[in-house]
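Okay, so here's the structure we're looking at.
Just so it is clear, none of the values below were taken in a lab; they were calculated from the coordinates. Being a predicted model, the structure only gives us computed values, none of them experimental. Reconstructed Cβ throughout: ideal geometry from the backbone, glycine too, with neighbour counts over all protein chains shown.
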Amino acid sequence: MNISIHCPVSLTPAQPGWWVQHTSPDGGKFQSRIVAWAVVAVGTSEDGTTGTEVQPCFMEHGSLWTVSEWYAAMGTECSVAVVEP
């Protein structure tokens, strides 16, 4: 199976109380609720295996985002960090 980079390959629901905090370069902050955790393809190695990492899925602007999708759409100037309950 071919898997695209930054593509979620698996999801599981998040327990209530988890948030991501966005911090803009000027220090502004806001939070988005995490609704799920995703295994996301992040690269391939020389032997053809796909590297993955677990990323939060959060709601913002009426859409569901992973961290990779957020950075691809919004840029990396606004950092995203998980806030534990």
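Quick notes
- The stretch 17-60: C-alpha gyration tensor shape, a/c 1.5 cut-off, then a/b vs b/c: oblate
- Rounded to the nearest 20 debye, dipole of the chain from Cβ charges on Lys, Arg, Asp, Glu: 300 debye
- The stretch 39-85, relative contact order [Cα under 8 Å, separation at least 6], %: 22 percent
- Taking the chain and dividing mean pair separation by its residue count, relative contact order in percent (alpha carbons under 8 Å, at least six apart): 33 percent
- Packing-based ranking of 50-58, 69-77 yields 50-58, 69-77, ordered from highest to lowest mean Cβ neighbour count within 10 Å.
- Estimated D of the chain in µm² per second, where Rh is the Kirkwood radius over Cα pairs and Stokes-Einstein applies at 20 °C, 1.002 mPa s: 158 µm²/s
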